[in-house]
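**Q** The structure that follows is given in the form of structure tokens.
Every number here is computed from the coordinates shown, using simple stated rules; none is lab data. Quantities reported herein were computed from a predicted structural model and do not represent experimental measurements. Cβ placement follows ideal geometry from the backbone for every residue including glycine, while neighbour counts extend to all protein chains displayed.
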Amino acid sequence: MTTTVERPVRAVPEPAPAARLRRPGWRDPRLLVGVVVVALSVALGSWAVSSAARTVDVYAAGTALTPGTPVTAADLRTVEVRLGAQTDRYLLVEDGLPDEAVVLRTVAPGELVPAAALGAAADLAVRAVAVPVSTGLSDRIVAGAAVDVWHVPAEAGAAPGGDPVAETAEPQLLVSGVTVAEVDEGSGTLVVGGPVTVHLLVGADDLPGVLAAVAGDGTIALVPVGSAG
């Protein structure tokens with residue numbers, strides 16, 4: 001007689017259902033952060049474009065502005081320009097003119113007036129010196145121009161015994177690159193071709209030498225700086 005033994009059959013577990021990917025909903029923090037980042041980028045780009053394209057009214061010099069000169073609205077004109085992020089560097093019309101302001105550095109005609117070009121008279125680093133010029137004056141020497149100042153010694157006299165002095169002193173450069181504040185041609189005088197008085201803006205360190213040359217013998221010659229072109 002044969003006995004059959006049945007082996008127990010191990011139950012195979014059913015596979016777990018695959019997890020489905022769900023679309024992120026509006027409440028998903030990652031989606032909300034992405035939306036905020038995109039919105040900020042668009043807003044920042046729009047602001048940058050509009051700021052670059054925006055024009056402002058700025059003061060420009062109507063004539064040459066020289067250091068020490070008080071500034072009024074009559075000396076300026078208004079221009080509309082695009083400055084972008086540099087609006088704080090120039091004198092805006094909407095800000096008006098500072099009270100009792102004077103020019104601290106030369107501003108050429110038509111140039112936008114830098115905010116740093118105006119200030120109090122106490123901030124000036126130069127002083128005006130009236131220099132008589134009897135020799136020919138270049139037509140390039142006008143208010144705002146830069147010139148070199150030379151001292152030409154007086155002609156040598158005769159040496160003892162009637163012989164002329166063999167050596168004469170050479171012209172001496174007193175100061176270079178000073179600014180012309182004003183040219184006074186003396187229109188009220190009756191002398192035609194007389195000396196012209198040029199008001200120069202001289203730094204404190206060069207002031208003693210220039211004053212001594214003006215008060216001494218000899219003449220002062222002014223040479224324009226730069227080329228004619």
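**Q** Please work out the FRET efficiency for the pair A85 and V37, using the Cβ-Cβ distance as r and a Förster radius of 41 Å; give the result to the nearest 0.05.
**A** Working: r = 24 Å, r/R0 = 0.58.
After rounding to 0.05, the efficiency reads 0.95.
**Q** Using the Cα centre of segment 56-122 as the reference point, and only Cβ charges (+1 on K/R, -1 on D/E), how large is the resulting charge dipole? Debye, rounded to the nearest 20.
**A** Here segment 56-122 has a charge dipole of around 260 debye.
**Q** Still on this structure, please answer the following. Mind listing the long-range amide H neighbours of T197? Cut-off is under 5 Å, sequence gap 5 or more, other chains count too, H placed in the peptide plane at 1.01 Å from N.
**A** Hits under the 5 Å cutoff: V133, D184, G186.
**Q** Follow-up question, since we're still on this one. Out of G84, A74, A101, whose Cα points farthest toward the positive end of the dipole of segment 56-122 (charges: +1 Lys, Arg; -1 Asp, Glu; placed on Cβ)?
**A** Farthest along the dipole direction, towards plus: G84.
**Q** Below 13 angstrom from the Cβ of L211, what's the summed charge of the other residues (Lys, Arg +1; Asp, Glu -1)? The partial results should precede the final answer.
**A** Details: positive: R127; negative: D205, D206.
Neighbourhood net charge equals -1.
**Q** If you take every residue apart from S176 with its C-beta less than 14 Å away from the C-beta of S176, what net charge results, scoring Lys and Arg +1 and Asp and Glu -1? Before the final figure, lay out each step's value.
**A** Values: positive: none; negative: D148, D205, D206.
Taking every Cβ under 14 Å from that of S176, the sum is -3.
**Q** Calculate one ³J(HN,Hα) per residue across segment 103-108 by plugging θ = phi - 60° into the Karplus curve 6.51 cos²θ - 1.76 cosθ + 1.60, and present them in order as whole Hz with x for glycine and proline.
**A** My calculation for segment 103-108 gives 6, 9, 9, 5, 10, 6 Hz in order.
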